[in-house]
1. Look at the range 181-225 and say how many of its residues are open to solvent by 70 Å² or more (accessible area, probe 1.4 Å) and either under 19 Å from Tyr138 (Cα atoms) or among the aliphatic types (A, V, I, L, M) (or both).
2. Identify the single condition in (1) at pLDDT 95 or above; (2) farther than 24 Å from Gly178 by Cα; (3) β-branched (Val, Ile, Thr) that Val84 does not satisfy, given that it satisfies every other one.
3. Can you find even one residue in the range 137-160 that is open to solvent by 10 Å² or more (accessible area, probe 1.4 Å), in contact (Cβ under 8 Å) with a residue 40 or more places away in the chain, more than 28 Å from Arg42 (Cβ to Cβ) and of a type in the set (Gly, Ala, Ser)?
4. Kindly establish whether Ile15 is closer than 17 Å to His304 by Cα and surrounded by 12 or more Cβ atoms within 10 Å (Cβ to Cβ).
5. Answer yes or no as to whether Ala33 is on the phi < 0 side of the Ramachandran plot and under 21 Å from the mean Cα position of the chain (by Cα).
6. Search the range 274-305 for residues being surrounded by fewer than 17 Cβ atoms within 10 Å (Cβ to Cβ) and of a type outside the set (Ser, Thr, Tyr), and hand back the single one that is nearest to Gly210 (Cα to Cα).
7. Which numbered condition trips up His248, out of (1) touching a Phe, Trp or Tyr at 6+ places or on another chain (Cβ under 9 Å); (2) open to solvent by 70 Å² or more (accessible area, probe 1.4 Å); (3) under 30 Å from Arg192 (Cβ atoms); (4) not charged (D, E, K, R)?
8. Taking the stated definitions as given, is Val239 over 18 Å from Ile202 (Cα atoms), among the β-branched types (Val, Ile, Thr) and open to solvent by 40 Å² or more (accessible area, probe 1.4 Å)?
Amino acid sequence: MAAESQPNHQKKLTIPLKTRIALTVISTFTDNAQRPDGSINRRFLRLFDFRAPPNPQPVHSVSSSDFVVDPSRDLWFRLYTPHVSGDRIPVVIFFHGGGFAFLSPNTPPYDNVCRRFAGKLPAYVVSVNYRLAPEHRYPAQYDDGFDAVQFLEENRGKVLPANADLSRCFFAGDSAGGNIAHNVAIRVSRARCFAAMKLVGIISIQPFFGGEERTEAERSLVGMPLVSPDRTDWCWRAVLPEGANRDHEAAKPSVVDISGLDYPDTMVVVAGFDPLRDWQRSYCEWLKLSGKRVTLVEYPNMFHAF
């Protein structure tokens with residue numbers, strides 16, 4: 001594992017004004033959509049929920065199209081196709097963030113970032129639309145992720161171009177999406193039912209994990225963008241089973257034994273001003289202790305979702 005570097009606590013987090021305004025707007029809308037009873041005012045959110053449609057015409061050499069997996073639960077994914085030459089182009093299955101409760105693959109920032117991944121890597125990027133909490137609690141998000149992977153396995157000839165190489169498949173996700181990528185990877189490793197798809201790596205970008213105790217970062221990094229103990233507690237209450245606490249396996253990976261699984265190599269991205277950073281570093285240590293290969297990449301002066 002890469003050596004850790006501690007952020008400079010004497011240095012103030014610096015965010016460009018335009019970005020700071022955008023982060024404030026996002027936080028204000030999501031906070032106000034949360035009702036006291038734990039539900040979400042989806043009608044209110046839809047007033048500000050702009051969506052990017054799929055585009056069959058290449059933009060920056062990448063086109064996109066949507067595929068339905070199960071209409072009864074609105075399970076679908078957006079495929080980003082890089083228009084590049086090559087016989088074996090890897091496949092990245094991406095899970096978006098949003099605390100398990102917000103956002104989707106066609107939210108403009110996620111549409112943009114997946115298009116960039118597809119063009120720059122290059123790779124076929126599959127961005128999964130999973131069910132959201134609190135309307136759908138654990139394990140709905142993991143069920144949807146696994147079923148989307150299985151759909152690709154069974155329908156690869158109808159969905160993926162001939163040069164898409166499912167034997168070089170990566171899972172990726174940020175925040176809650178990093179959590180989902182991890183848990184779906186465990187299911188895939190246990191299932192042993194995939195012939196064409198081989199999971200060779202996970203790209204975990206500031207994954208959303210937690211626990212009952214408060215870490216040093218949660219206590220000291222007050223006023224950071226998007227993430228606070230109150231907000232993360234709300235998200236865990238929304239997604240975890242009724243009566244469960246934050247030491248549940250969905251929140252705290254270390255309560256599960258994966259030492260005997262063929263779990264893939266993992267890269268974890270951590271930001272120094274992210275209140276979740278200690279949980280992300282603990283995730284790395286747990287993977288290492290479980291006998292898995294992990295690389296920690298730190299950005300000391302960045303924040304959650306940078």
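1. Within the range 181-225, residues that are open to solvent by 70 Å² or more (accessible area, probe 1.4 Å) and either under 19 Å from Tyr138 (Cα atoms) or among the aliphatic types (A, V, I, L, M) (or both) number 5.
2. (1)
3. no
4. Here the answer is yes, as Ile15 does meet what is asked.
5. Against the criterion (on the phi < 0 side of the Ramachandran plot and under 21 Å from the mean Cα position of the chain (by Cα)), Ala33 does not qualify.
6. Taking the candidates together, the pick is Glu285.
7. (2)
8. For Val239, the condition - over 18 Å from Ile202 (Cα atoms), among the β-branched types (Val, Ile, Thr) and open to solvent by 40 Å² or more (accessible area, probe 1.4 Å) - is not met.
The values are calculated or read from the model by the stated rules, or taken from the named source; none is laboratory data. Note that the coordinates shown come from a computational prediction; the quantities given were computed from them, not determined experimentally. Glycine gets a Cβ as well: all are built from the backbone with ideal geometry, and neighbour counts include every protein chain shown. For accessibility, only protein heavy atoms count, side chains too; no ligands or nucleic acids. Shrake-Rupley method; radii C 1.70, N 1.55, O 1.52, S 1.80 Å.
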